[in-house]
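Worksheet for the structure shown next.
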Amino acid sequence: MIYFIKYQLSLLAVAMFSLGCNITQQENPQDATQNAAQASEEKLDDAQVNAFATLEQKAAAALNSQQMVLARQLIGKGLQQTQKAGRQYEMYEARFSLLKGKLEHQKGRSTEARRFFGDAMAVFRIRKNASGTFEVRLAQASLEESSGDFAAAQRELDEAQKLISEVNDANLRGEFTFTQAELFASQMKHKDASRLFLEAAEQFHANKNPKREADSFVALASCEESLEKAQDSKNSLNKAYKIYMGAEDKEGAVKALHKLAQFSLRDEKYKTAKEQLKRVEALYLELGKQSDATKVNQHLSSLPE
């Protein structure tokens, strides 16, 4: 009888141990989710990844060069394709959501921009992607700055700064400096902004990003003009113009040169102003901006000899 009771107890213990193991396995859904995610990541198709990366680069380039119609088409295509590809490609979908948010920001649609930034942020944070999270923070800071909420913009930059040590992309660190400078400039802190715009230009130069280096010099020139440093402002614009031309960025070059022509007119250096405006007119024509070229030509004809 005693032997039988012990035998029954031993069977019960084995059953409880098995049940306990099953319960333990079922109560760890986080591990299961992570394993599933890892398994999904392992199934990424190299050709598909390269296609998404190429499309993102083209969309970003169109957005940066203000080709809004093309940017909208490419970003829309990217969102559609990444969503159709499946959840394992959600990081690429997040990249296009970020671009979509930037596009909506440029169009002045703040609510839509925030929604797409939020979509991108959710994925980057879940995936623990510091660079992606950092970039969304910068985009949100720029949005808040343009909306006039400088405190909110600074909060976004403060959050971004916490991640900067995890960001390996030197261009993104340059963008952080540039965005902070823009915020200072909006708050009329032109001295602080000038220092940071120059620092951003140096960062972009070191990372061989001429367009953003030139953009930094244009922004610096604006601050220097506000500080009544006209010659410094002209020097910065000249640097920007030469960098733009070297990079074959005619969009940037024509803006810098047009501003230089305005300085020449202000100084009553009409001969120099005419030479500059003729080059401005030619650049507008090369860019296919006939109406802008016509306005410059009319201005030229009204200048004294």
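Taken as a whole, the structure leaves residue 144 outside the set of residues that are farther than 26 Å from residue 62 by Cβ, surrounded by 15 or more Cβ atoms within 10 Å (Cβ to Cβ) and touching a residue at least 12 places away in the same chain (Cβ under 8 Å).
Considering 122, 113, the condition of being among the small types (Gly, Ala, Ser), without any contact (Cβ under 8 Å) to a residue 60 or more places away in the chain and buried (at least 18 other Cβ atoms within 10 Å of the Cβ) is satisfied by 113 alone.
Residue by residue, here is whether (1) part of a helix (DSSP H, G or I); (2) of a type outside the set (Asp, Glu); (3) surrounded by fewer than 19 Cβ atoms within 10 Å (Cβ to Cβ); (4) out of contact with any Gly (no Cβ under 9 Å at 6 or more places or on another chain) holds:
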| position | (1), (2), (3), (4) |
| --- | --- |
| 195 | yes, yes, yes, yes |
| 232 | yes, no, yes, yes |
| 259 | yes, yes, no, yes |
| 268 | no, no, yes, yes |
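Taken over the range 156-195, the criterion of being free of Cβ contacts under 8 Å to residues at least 12 places away in the same chain and under 22 Å from residue 125 (Cβ atoms) is satisfied by 158, 162, 165.
Mind listing whichever residues of the range 40-78 are of a type in the set (D, E, K, R) and either surrounded by fewer than 16 Cβ atoms within 10 Å (Cβ to Cβ) or closer than 21 Å to residue 249 by Cβ (or both)?
41, 42, 43, 45, 46, 56, 58, 77
Please tell me if residue 158 is surrounded by fewer than 23 Cβ atoms within 10 Å (Cβ to Cβ) and at pLDDT below 95.
No.
Residues in the range 210-229 that are polar (S, T, N, Q) and either under 24 Å from the mean Cα position of the chain (by Cα) or over 19 Å from residue 185 (Cα atoms) (or both): 216, 222. You will find that of 199, 213, 225, the residue that is part of a helix (DSSP H, G or I), buried (at least 19 other Cβ atoms within 10 Å of the Cβ), modelled with pLDDT of 95 or more and acidic (Asp, Glu) is 213 and no other.
Quick grid of which residues meet (1) over 25 Å from residue 184 (Cβ atoms); (2) touching a helix residue (DSSP H, G or I) at 6+ places or on another chain (Cβ under 7 Å):
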{"site": "231", "(1), (2)": "no, no"}
{"site": "259", "(1), (2)": "no, yes"}
{"site": "267", "(1), (2)": "yes, no"}
{"site": "288", "(1), (2)": "yes, no"}
{"site": "292", "(1), (2)": "yes, yes"}
{"site": "295", "(1), (2)": "yes, no"}
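So for the range 239-257 (the condition being touching a Pro at 6+ places or on another chain (Cβ under 6 Å), β-branched (Val, Ile, Thr), within 21 Å of residue 64 (Cα to Cα) and surrounded by 15 or more Cβ atoms within 10 Å (Cβ to Cβ)), does at least one residue qualify? Yes, because at least one residue in the range 239-257 is touching a Pro at 6+ places or on another chain (Cβ under 6 Å), β-branched (Val, Ile, Thr), within 21 Å of residue 64 (Cα to Cα) and surrounded by 15 or more Cβ atoms within 10 Å (Cβ to Cβ). If you go through the range 83-136 and pick out every residue that is of a type in the set (S, T, N, Q), under 26 Å from residue 161 (Cβ atoms) and assigned to a helix (DSSP H, G or I), you end up with 5.
The values are calculated or read from the model by the stated rules, or taken from the named source; none is laboratory data. Computed from a predicted model, the values in this text were never measured in an experiment. Ideal geometry is used to build each Cβ from the backbone, glycine not excepted, and the neighbour counts take in all protein chains shown.
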